Amino acid sequence: MSNHHVSKSLYQSPWFHVQKRVENPTVRLFCFSYAGGSASTFRDWCNQVPNGVEVCSVQLPGRGTRFREPSLTSMNLLLDALVQEFTPHFDVPFAFFGHSMGAQVAFELTRRLRQCSEVSPVQLFVSGRCAPQIDSSHRSIHRLSEEDFIEEIKKLNGTPDEALEHPELMELVSPILRADIKLIETWKYIDDKPLEVPITAFGGIDDGGVTARHLEDWVYQTCREFSMQLFDGDHFFINTSHVNLLNKVSEILSPIVRSYAGSTSRFDKRSRVVHVA
């Protein structure tokens, strides 16, 4: 399959939003948003990444341009769908960035790819999310009444204030949030060997739900390089400190881009067969 056809299908797929197309990208950065979020979370990122990096925001069903589609509430079903949708676009090296729920999805997708193929991201960025092996069991909320559900959402500090403060907006956001939280709450972490993928963990200094200790424990999920950095802000430092965050992401991606840009051997997808059940 030629790069032209791969790129064309990527840009036409409802699963991916590419704000700025890159001719023959060196690295693709796939970005996964928080619970209730959409691909628009990352719409400006293309302006602050190294040359050669193509930012592809992942648009899950049930939101944004896909609001008429039913949301996926099972992690396994979501991963099955993601493997199938992503596989044609592994023609160049790729990295994953996920914030909050998105970090969980990016991590589990990385592990699923290890199970069904030999392909893996060159870098995994996990943001605003406790290390998965930490027992974060709390009261299940996805079955609560609407009033109680919204109260619990406020306590979790996982939803932007602009949505919580506008009832008409919450009417639109609440079903998406409830579906995403069901996906999170019904997911069971399974212990497995560490990834052969470098991991960088990001957090907000004032995020009471995801502390530095919670982030440090991501080190146990990789046998490659691990780093961590905190930024000013709470759980949504991804919005308030996005310039500093993207500077750090770019700092990590730049040598990766240089290493592949200077290589005569292409990222060979043919030897990396992905088996989809």
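A short reminder: the numbers here are calculations on the coordinates, not readings from a lab. This one's a predicted model, so the numbers in the text were calculated from it and none came from an experiment. Backbone-built Cβ (ideal geometry, glycine too); neighbour counts: all protein chains shown.
Numbers at a glance
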| item | result |
| --- | --- |
| Cβ-derived FRET efficiency at R0 25 Å, residue 251 paired with residue 144, nearest 0.05 | 0.05 |
| Estimated inter-spin distance, residue 227 and residue 81, nm [label 7 Å along Cα→Cβ] | 3.4 |
| Value of [θ]222 nm, deg cm²/dmol, for the chain, DSSP H segments ≥ 4, -39500 (n - 2.57) each, nearest 500 | -11000 deg cm²/dmol |
| Local net charge near residue 18, Cβ-Cβ under 10 Å (Lys/Arg +1, Asp/Glu -1) | +2 |
| At q = 0.10, 0.12, 0.15 Å⁻¹, base-10 log of I(q)/I(0) for the chain (Debye sum, equal scatterers on each alpha carbon) | -0.49, -0.72, -1.18 |
| Using θ = phi - 60° and Karplus 6.51 cos²θ - 1.76 cosθ + 1.60, couplings along region 223-236 (whole Hz; Gly, Pro as x) | 10, 10, 5, 10, 9, 9, 8, 9, 10, 4, x, 9, 4, 9 |
| Residue 47-residue 67 FRET efficiency (beta carbon distance; Förster radius 30 Å; 0.05 resolution) | 0.70 |
| Gaussian network model of the chain, springs between alpha carbon atoms under 10 Å - residue of 145, 71, 250 with greatest fluctuation | 145 |
| Cβ-based exposure ranking for 169, 10, in which fewest neighbours within 10 Å come first | 169, 10 |
| Simple spin-label estimate for residue 165 and residue 219 in nanometres, 7 Å along Cα-Cβ | 4.0 |
| Helix runs (DSSP H) in the chain reaching 18 Å along axis by Cα, Kyte-Doolittle at least -0.5 | 101-116, 167-185, 242-261 |
| Exceeding the 31 Å Cα-Cα cut-off - candidates 154/193; 20/188; 154/248 | 154/193; 20/188 |
